[in-house]
Amino acid sequence: MSGNTIVSVKRVFCTIALVSVSAAGCSRSKTPPNPLIAASTTMVTAWQIPQDPLKEPIAGDEKLAEQIKLGYRIFVDTPREAARFTGGKVSCANCHLNAGQRERALPVVGVAGMFPEYNNRAARLISLADRVVDCFMRSENATGRGEADLPSPTSKEVLAVNAYLSWLARGHSVGTNPPWRGRNAIVADKLTPVGAIDLRAGQTIYEERCVSCHGADGQGVQIGDKKAGPLWGPDSWNDGAGAARVYTLAGIIRYSMPYLNPGSLTDEEAQQVSAFINSRPRPVYPYKSRDYSGSKIPADAVYYNRTAGVTDTH
């Protein structure tokens with residue numbers, strides 16, 4: 001590890017430590033106000049970024065400020081800013097809307113203080129850096145570029161995303177989930193057994209409600225300077241990603257889609273669309289046999305073979 005890398009690692013962890021210190025004072029007084037864009041958005045708020053490090057001053061170390069800015073740029077335009085770890089055309093902000101700052105759209109504000117935390121898929125405690133690496137490996141399909149240069153916790157791009165996430169956590173409590181985390185899940189009694197979900201109904205809903213942004217081919221439609229991320233095919237997330245689970249993707253769809261009318265699909269409809277999307281071809285994650293070593297494979301992890309470790313549902 002180079003001296004510069006060690007310094008970078010220390011800066012990121014020092015940032016998290018500063019979050020801890022400031023949070024201690026906040027937790028004794030009051031919780032910071034909700035900083036997120038509302039889930040029910042408008043054409044105006046749909047593109048707003050409440051905390052944009054490119055537009056507001058960042059106090060402290062200048063090099064850390066540059067890391068935070070790079071992390072933000074990676075987050076909103078991953079294929080361009082982190083090309084060596086992106087095997088497709090998906091950006092972090094395609095799922096974490098408004099640069100990770102919209103309610104019910106997988107917001108990442110205030111989550112850095114929750115790490116390390118236990119991860120069921122990995123069957124161990126993982127750090128924030130581990131989580132970012134996992135996102136690159138799965139959602140960004142870094143494995144599609146081969147094994148010569150895979151992301152690690154000390155990769156420049158990983159450190160930068162860590163810095164951005166830590167910057168978004170300043171002033172928030174450490175060890176306590178912010179109230180907006182974990183709200184992209186359909187309640188258990190509304191879940192349909194995966195084998196009973198109507199794929200044809202999901203395709204019909206997709207064609208009626210999703211094509212205008214994502215296209216009939218699922219690759220995304222260019223609308224001005226915006227383009228939705230690809231939902232399947234070689235440029236999409238791979239089959240080891242969280243979104244490759246039917247119920248996980250259904251929760252995202254249920255509360256954050258359609259983009260300008262989120263919440264308009266029912267629990268059943270969201271599951272139908274999710275199952276249809278996850279019936280389409282996508283890149284293969286080559287390390288699925290390592291997942292869920294400490295627990296039963298979830299029923300909605302449709303790309304996993306329950307006995308051998310992997311399968312191909314295409």
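The values are calculated or read from the model by the stated rules, or taken from the named source; none is laboratory data. From a predicted model like this one, the values you see are computed outputs, not experimental measurements. Note: ideal-geometry Cβ built from the backbone for every residue, glycine included; neighbour counts use all protein chains shown.
Based on this model, can you work out whether E103 counts as of a type outside the set (A, V, I, L, M, F, W, C) and over 22 Å from L265 (Cβ atoms)?
Values: of a type outside the set (A, V, I, L, M, F, W, C): yes; over 22 Å from L265 (Cβ atoms): no.
No.
Being part of a helix (DSSP H, G or I) and surrounded by fewer than 17 Cβ atoms within 10 Å (Cβ to Cβ) is not true of S295.
When the residues of region 252-270 are filtered to those that are within 19 Å of the chain's Cα centre (by Cα) and in a helix (DSSP H, G or I), the one that is nearest to I37 (Cα to Cα) is S256. Taken together, P53, P32 contain a single residue that is at pLDDT 95 or above, in a loop (DSSP other than H, G, I, E, B) and in the same structural domain as V90 (by TED's automatic domain parsing), which is P53.
Of the residues making up region 138-186, those that are of a type in the set (A, V, I, L, M), touching a helix residue (DSSP H, G or I) at 6+ places or on another chain (Cβ under 8 Å), surrounded by fewer than 16 Cβ atoms within 10 Å (Cβ to Cβ) and farther than 23 Å from K69 by Cα number 1. Sort out which residues of region 241-296 are of a type in the set (D, E, K, R), out of contact with any Gly (no Cβ under 9 Å at 6 or more places or on another chain) and without any contact (Cβ under 8 Å) to a residue 40 or more places away in the chain, and write them in order of number. Correct list: K296 only.
Would you say G88 is closer than 21 Å to Q219 by Cα, buried (at least 21 other Cβ atoms within 10 Å of the Cβ), out of contact with any helix residue (DSSP H, G or I) (no Cβ under 6 Å at 6 or more places or on another chain) and outside the structural domain of V284 (by TED's automatic domain parsing)?
Working: closer than 21 Å to Q219 by Cα: yes; buried (at least 21 other Cβ atoms within 10 Å of the Cβ): yes; out of contact with any helix residue (DSSP H, G or I) (no Cβ under 6 Å at 6 or more places or on another chain): yes; outside the structural domain of V284 (by TED's automatic domain parsing): yes.
Considered against the rule, which asks whether it is closer than 21 Å to Q219 by Cα, buried (at least 21 other Cβ atoms within 10 Å of the Cβ), out of contact with any helix residue (DSSP H, G or I) (no Cβ under 6 Å at 6 or more places or on another chain) and outside the structural domain of V284 (by TED's automatic domain parsing), G88 comes out as yes.
Taking residues in region 113-134 that are closer than 15 Å to G240 by Cβ, and partners anywhere that are of a type in the set (V, I, T), the pairs with Cβ atoms closer than 8 Å and at least 6 places apart or on different chains are N119/I126; V133/V158; D134/I126.
On the given criteria, is D61 of a type in the set (D, E) and either within 16 Å of E140 (Cα to Cα) or modelled with pLDDT under 95 (or both)? Answer is yes for this residue.
Can you give me the number of residues within region 34-76 that are within 20 Å of the chain's Cα centre (by Cα), more than 24 Å from P258 (Cα to Cα) and small (G, A, S)? Residues in region 34-76 being within 20 Å of the chain's Cα centre (by Cα), more than 24 Å from P258 (Cα to Cα) and small (G, A, S): 1 in total. Those residues that are crowded, with 16+ Cβ neighbours inside 10 Å and either at pLDDT below 95 or not assigned by TED's automatic domain parsing to the domain that holds P151 (or both), I need them from region 38-50; list them, please. Correct list: A39, T41.
Which of the residues belonging to region 187-210 are polar (S, T, N, Q) and out of contact with any helix residue (DSSP H, G or I) (no Cβ under 8 Å at 6 or more places or on another chain)? Let's see the steps before the verdict.
Residues of region 187-210 that are polar (S, T, N, Q), as a first pass: 192, 203-204.
If the condition is that a residue be polar (S, T, N, Q) and out of contact with any helix residue (DSSP H, G or I) (no Cβ under 8 Å at 6 or more places or on another chain), then T204 is the only one that fits.
Which helices (runs of 4 or more DSSP H) sit wholly inside region 77-189 and have at least 1 residues that are over 17 Å from the mean Cα position of the chain (by Cα), of a type in the set (D, E, K, R) and modelled with pLDDT under 95?
Numbers: elements: 78-81, 97-100, 128-137, 156-168.
So the answer is none; nothing clears 1.
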